[in-house]
Structures are given as C-alpha cells and as structure tokens.
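The values are calculated or read from the model by the stated rules, or taken from the named source; none is laboratory data. Worth saying up front: this structure is predicted, and the values here are computed from it rather than measured. Using ideal geometry, Cβ is built from the backbone for each residue, glycine included, and neighbour counts are taken over all protein chains shown. Ligands, DNA and RNA are excluded from the accessible area calculation, which covers all protein heavy atoms including side chains. Shrake-Rupley method; radii C 1.70, N 1.55, O 1.52, S 1.80 Å.
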Amino acid sequence: MIAGQTRELERFADRIRLRAVKMVAPHGFGYLGQALSSAELFAALFSGPYRRDRDKLVCSPGHYIISAYAAAPDLGILSETDLSTYGQDGSSFEAVGTERSPVVDLTCGSLGQGLSGAVGFALSAQLRENLDSRVFALISDGELEEGQVWEAAMFAAHRKMGNLIVLLDANDSQVDGPVSSITTIEPIAAKWESFGWAAFEVDGHDADAVNHALELAVGESRPSVVIARTSTVHGLSCLPEGADGHFIKISPELVDAAIAELEARLA
Amino acid sequence: MLNAPPYPTVLKPYGRALVDLALEREEILCLSGDLTRQTEVDLFQDEIPSRFINAGMAEANMMSMAGALARCGHIPFVHTFGVFATRRPFDQIVNSVAYPNLPVRIVGFMPGISSPGGPSHQAIEDVAIMRSLPNMTVIDVADAVEIRQAVRAIVDLPGPVYLRLKRGEIPVIFGDDHEFSLSRAQVLHDGDDVALVASGMMLSSSLAAAATLEAAGVSTSIVNVPVIKPIDAATIIRAASGAKAVVTAENHTIVGGLGSAVAEVLAEAGLGRRLRRVGLRDTFAEGAQSAAWLFRKYGLGTQDIIDSAWEALGRTGPAPQAPVLVTPLGEYSPV
C-alpha cells in the first residue's frame, strides 16, 4: 500500500473517533471505547473490500453500532445531523443496535448471535449460487465466551463458507474488566484455525496491516477471521489512565480536549 | 364430520405435507437439528436435498441462522423436539426471529408428556413461553387432517410461527371436510351445561369425555382451539356464555398455556363462569415407560376431564366413568 492510502485510512479512522466523541458527548458516557478500538477495522473495511450493493454487513455486538454510525457519513449514508440524535429519547439511532439501526444488515444487543446471522447470510448466498456476495461480521473478543459463536464457527467451516469474513475486535475489554482476567480465550488464532478457519492476526491500529489482512481474507476459500489486537483508549491521548474502556465516562472538559486532539490530527 | 375412537392413524403427515408444499414453493428451506427422521423431514431430505440443511445439534446457531435466511427471502421451517425448539434457544428466538418479525416456522415435536423420556424431553411450557412473545403465532393441532392444512395455512404468514406436533402415529379425527382456520376456533358440538375447550392431543380426550358426560345427562359443548395465539376470543366467549362451567384441556402446564389464555378471555369479558384447567399442575413429570401412564399419573386423562366437569357443575354422586377402549395395533385412543 502506498503511503498516501495509508494516511487516508488513518484519517478515516480518526474521523470515526471524532464523530464518536461528539455522539457520546451529550450523554457524558457511552460506548466510545468500542469506536476507538474498532476505528481502523471499519475504516479499512469501508475503504476496501466491502461493497454495499452486494455484500452483507453484520455488527454482532449491538453496542458497537456506534462505530458503524460514525463511519457511515464516509459512505454517504448518514449525516452529521443524524448522528447528533444518537442515543437520545425518540431517536432511531439507539445506543445498542436494534432492528431500526441503519448501515448494517444485522445487529443484536444479546451478544454472540451475530456470527450465526452472518452464517445464515452466507448460506443463503451458497444456496442461490451467488458467488459474488461477501458477508462481513464484526464480532468482539468478549463474545468468544458465548458458546453460540463456536456453534456458528463449526457450521461455517463444515459448509466451506469462503465468502464469510469475521473482523474480530480483540480489545481485551468486557463489562467486568479485561477479558483476560475473566476467561482465558487465548490462543484465539489457534482456536479458529483448529475449527477450519483461516486466521490473520494483526495490530488492529495499524491501518495498513488491517487492510492487507482483509485482502488476504477475501481471497480465502475457507471462512476467515482477521484478529485485530486493539485498545479501547487508542487514538485519544487525553483519556485518563485506567479509563473503563467498556463504558467510558467523559466530562465536558474531556470532550473539548478530545475534539481538539482529533481535529488537530485531521487538520 | 368426525371419526370415532379408536382412530385410524397415519405416519408422517407433516413431513409429506411439507414436501408437497415445498415442491410448489422454492422459498421453503428445511432445517433439522439432528432429529431428521424423528421430525418426519427425512422425506424432505430424500426428495429435496438441495434445500435440506442439517444444522446439527446446535439449536442456538440453527435459530439465529434461520432468522438470517428469512431476511434473505427464504421461508425456513426449523425442526427438532419441542424442548430443543423453544426452551434451549429461547433468547435466539426472541432476538433473531420474534423481534425482527421474520417468517421462520419453528416446528417442535413431542409435546407435553407424550414423551416418556423424562423432564428433559417433555415440552411442558413451550406454549407458554412462545405465547408470551410479540409477533409469534402458536399452533397445537389435533390430528393429521389439521396438520396438512396448517402447513399450507402458515406458509405465507408474515411473522414467525411455533407449530407443536405429536410425534409418531398421528390420529385421523376429522373428516376431509374439516377446515382449519388461523382465525377461528371450531365448536364441534353444542351444549349448555359445560364447555370443554381443548387443543392438540387433548382434543380427542375431550371428545371422549364429552361422549361420557352426554350419556350421563350433561349437555356438553366442545371447542377446538388449534391456534392458541392469536386466540379466537369471540368463539370461546360464545361457548362459555351458553354454559354453566368451562373446562380447558391441554397437554402442557396449566401455567401460561391454553387454560391461562381462556382464563384471560373470560376475565376480560367479565364472564363469570367456573373454570377448571386440566393439564400439568405446576410440576415436572417423572417415572414412566409409557406416555399413557404419565397422562393418568398427572391427571391429564379423559377421566380427569370428566371429573373436572362433574365437580365444576356441582353434580353429586360419583362421576360417570369413561369406557376403556381396546385399541388395535396402529390405531389411536384418547389418553
């Protein structure tokens, strides 16, 4: 990838971060950490292999919908005005994704169900011999604790779903703390490989690396997973040490600092 | 027209009906959770293998996958035992099927205590939990004629359906002139002392109970309610209005199923009628080699319906006794 393209991906990721800060700002708290950790994943996906007219997009953890929304203006789907109603009373842009959530084809607040939905989409494409449709599913590392994910992973490999690509945000964050302090889900790549998947492990904040892994994943004849090692505070140096990444609290002063930091980088 | 017990039986009326319909309708898919022959869809697997999907013993994945398939325009019929079709993947049904209001048809076999396989295999609360879900239609049919008609009736419903089916030999109770309706319950017999309201396997038992009650001078109406949700309140109110007492009969716990649904209808209509609910009395069912023994042990037999009607009407003296039927091999007698 040439340097200019890498820079564009980085700027896209920072636009996601900036919009996410503005979306949670009126609430004083929210799923900002998820946007910070998955920003490069969405930037690379939306700039590269995802074709909105023929592919399917699943956002398995419903609270990650903030990232999809924050990325959507770059696809010309949502406006900044739409995003300003995020999570407010009466808004259809609920903070935890619902059936009304735009941008994605499927999301669910009850975790661990999205991969099965993606497998259903991929199965439909198989049954209709539609070889030109890809299914992308964002899932989180905490979701790997749910057994249903592995039911779906086994079934996808059995049916040789080469059109199915998982973007796994391994941010080591769940409600009660670091995933690694609660359940040992490692070795993640070896688990997926042993289930018959192609696994590509990358630094999830290296936009170029994420993009390259996605390109490899799309070319696979097996279902594939891009395991992005990420952090829920990445890209915002103003966040305090020890911020709760799952549900970040952000004061008006911190909002101002965050916006200033991101706008300076985007200037 | 109604046949008389013991009833002739047929095998795989559901499996046959689904294949016949699927040959006309490309959108239909058949999903099985490792219980293909037991849910009669070995016929589908043999005749339309390209649209048969064995999801394996992974009901959560099967249910969420079915929801996504429905989003793509398919009409998935999902098959396993009733317990594994409802109890196990309940959250998946809620979020992947019922909330998005998708045309997934969940077909659960082996209702209530028709299985001697113990509490793990007995779907005793499936109607209650499916009935509680917005968008869900809940159906518990009585015989092979209703099964064949129900399969066609539900295929184009816009939302999800839970279809509860007896496993194995299926009695033929109704004549070919029977008309299954998604919106109307059927009054099979008029009477002005007691109204028996039944669904599924308990319909034949209610018919047998009615015959004994009528012979003892109790004028008995019989209401067949195959569609428990949305329930046909008008027909139930009409039958109950014309009687002094109401007895419901369900192969299910009395908490949340047909009996509860009828109680809600009567109470909301302000209709004061003594109500007795025949069904499992808030208990799991253990210890059996045969289903018939379980129905007797837990008070779900024909005699229990008679006794409930007799007591609700305040009749004195011993209740009339249901005759013991000799059932030739391959035929079916009410429990």
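Determine whether segment A:112-125 contains at least one residue that is at pLDDT 95 or above, in contact with a Lys or Arg (Cβ under 9 Å, 6 or more places away or on another chain) and open to solvent by 20 Å² or more (accessible area, probe 1.4 Å). No, there is no match, as no residue in segment A:112-125 is at pLDDT 95 or above, in contact with a Lys or Arg (Cβ under 9 Å, 6 or more places away or on another chain) and open to solvent by 20 Å² or more (accessible area, probe 1.4 Å). Within segment B:53-62, the set of residues being touching a helix residue (DSSP H, G or I) at 6+ places or on another chain (Cβ under 6 Å) and either facing chain A (nearest Cβ under 8 Å) or in a strand (DSSP E or B) (or both) comprises B:Ala55, B:Ala58, B:Ala60, B:Asn61.
The test for being more than 10 Å from chain A (Cβ to nearest Cβ) and surrounded by 24 or more Cβ atoms within 10 Å (Cβ to Cβ) does not hold for B:Thr9. Pairing residues of segment A:135-164 that are under 17 Å from A:Pro187 (Cα atoms) with residues that are part of a strand (DSSP E or B), at Cβ distances under 6 Å and at least 6 apart in sequence or on separate chains, gives A:Ile139/A:Ser60; A:Ile139/A:Val166; A:Ile139/A:Leu168; A:Ser140/A:Pro61; A:Ser140/A:Asp169; A:Asp141/A:Ala170; A:Gly142/A:Gln174.
Just one of the listed residues (B:Arg238, B:Arg296, B:Arg276, B:Arg315) is charged (D, E, K, R) and either part of a loop (DSSP other than H, G, I, E, B) or touching a Leu at 6+ places or on another chain (Cβ under 6 Å) (or both), and it is B:Arg315.
Are any residues in segment B:290-307 polar (S, T, N, Q) and crowded, with 24+ Cβ neighbours inside 10 Å, and if so, which ones? Break it down into steps so the answer makes sense when it comes.
Narrowing segment B:290-307 to residues polar (S, T, N, Q): B:290, B:302-303.
Of everything in segment B:290-307, just one residue is polar (S, T, N, Q) and crowded, with 24+ Cβ neighbours inside 10 Å, namely B:Thr302.
Just checking, does segment B:38-52 include any residue being assigned to a strand (DSSP E or B) and either buried (at least 24 other Cβ atoms within 10 Å of the Cβ) or within 12 Å of chain A (Cβ to nearest Cβ) (or both)? Among the residues of segment B:38-52, at least one is assigned to a strand (DSSP E or B) and either buried (at least 24 other Cβ atoms within 10 Å of the Cβ) or within 12 Å of chain A (Cβ to nearest Cβ) (or both), which makes the answer yes. Screening A:Thr98 against (1) surrounded by fewer than 22 Cβ atoms within 10 Å (Cβ to Cβ); (2) among the polar types (S, T, N, Q); (3) without any contact (Cβ under 8 Å) to a residue 24 or more places away in the chain leaves a single unmet condition, (3).
Among the residues of segment B:75-88, are any assigned to a helix (DSSP H, G or I), closer than 26 Å to A:Val58 by Cα and at the interface with chain A (Cβ under 9 Å from one of its Cβ atoms)? There is no residue in segment B:75-88 that is assigned to a helix (DSSP H, G or I), closer than 26 Å to A:Val58 by Cα and at the interface with chain A (Cβ under 9 Å from one of its Cβ atoms). Check segment B:264-273 and report whether any residue there is part of a loop (DSSP other than H, G, I, E, B) and touching a Gly at 6+ places or on another chain (Cβ under 8 Å). No.
Taken together, the residues in segment B:12-29 that are in contact with a strand residue (DSSP E or B) (Cβ under 6 Å, 6 or more places away or on another chain) and either open to solvent by 50 Å² or more (accessible area, probe 1.4 Å) or acidic (Asp, Glu) (or both) amount to 1. In segment B:141-159, the residue that is surrounded by the fewest Cβ atoms within 10 Å (Cβ to Cβ) out of those that are of a type in the set (D, E, K, R) and assigned to a helix (DSSP H, G or I) is B:Arg152. The C-beta contact set for segment B:221-238 (first residue at positive phi, second residue open to solvent by less than 10 Å² (accessible area, probe 1.4 Å) and in a strand (DSSP E or B), distance under 6 angstrom, 6+ apart or interchain) is empty.
Within segment A:159-197, being within 20 Å of the chain's Cα centre (by Cα) and within 14 Å of chain B (Cβ to nearest Cβ) holds for A:Asn163, A:Leu164. Quickly run through segment A:118-158 and pick out the residues that are in a loop (DSSP other than H, G, I, E, B), of a type outside the set (A, V, I, L, M, F, W, C) and either more than 9 Å from every other protein chain (Cβ to nearest Cβ) or under 25 Å from A:Val210 (Cβ atoms) (or both). Once the filter is applied, which keeps residues that are in a loop (DSSP other than H, G, I, E, B), of a type outside the set (A, V, I, L, M, F, W, C) and either more than 9 Å from every other protein chain (Cβ to nearest Cβ) or under 25 Å from A:Val210 (Cβ atoms) (or both), segment A:118-158 yields A:Glu129, A:Asn130, A:Asp132, A:Ser133, A:Arg134, A:Asp141, A:Glu146. In the set (1) open to solvent by less than 40 Å² (accessible area, probe 1.4 Å); (2) in a loop (DSSP other than H, G, I, E, B), the condition left unmet by B:Ile106 is number (2).
The listed residues are B:Gly314, B:Gly270, B:Gly330, and the only one of them that is open to solvent by less than 70 Å² (accessible area, probe 1.4 Å), closer than 25 Å to B:Ala216 by Cβ and out of contact with any Lys or Arg (no Cβ under 7 Å at 6 or more places or on another chain) turns out to be B:Gly314.
When B:Asn101, B:Asn95 are checked against the criterion of being facing chain A (nearest Cβ under 10 Å), over 20 Å from the mean Cα position of the chain (by Cα), outside any helix (DSSP H, G or I) and more than 17 Å from A:Gln126 (Cβ to Cβ), a single residue qualifies: B:Asn101.
Name every residue in segment B:82-95 that is farther than 17 Å from B:Thr253 by Cβ and open to solvent by 10 Å² or more (accessible area, probe 1.4 Å), in order of residue number. If the condition is that a residue be farther than 17 Å from B:Thr253 by Cβ and open to solvent by 10 Å² or more (accessible area, probe 1.4 Å), then B:Phe84, B:Arg88, B:Asp91, B:Gln92, B:Val94, B:Asn95 are the ones that fit.
For every residue, the table says whether it meets (1) within 14 Å of chain B (Cβ to nearest Cβ); (2) more than 13 Å from the chain's Cα centre (by Cα); (3) outside any loop (DSSP other than H, G, I, E, B); (4) farther than 27 Å from B:Leu69 by Cα.
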position: A:Val58; (1), (2), (3), (4): yes, no, yes, no
position: A:Tyr64; (1), (2), (3), (4): no, no, yes, no
position: A:Gly87; (1), (2), (3), (4): no, yes, no, yes
position: A:Ala95; (1), (2), (3), (4): no, yes, no, no
position: A:Thr107; (1), (2), (3), (4): yes, no, yes, no
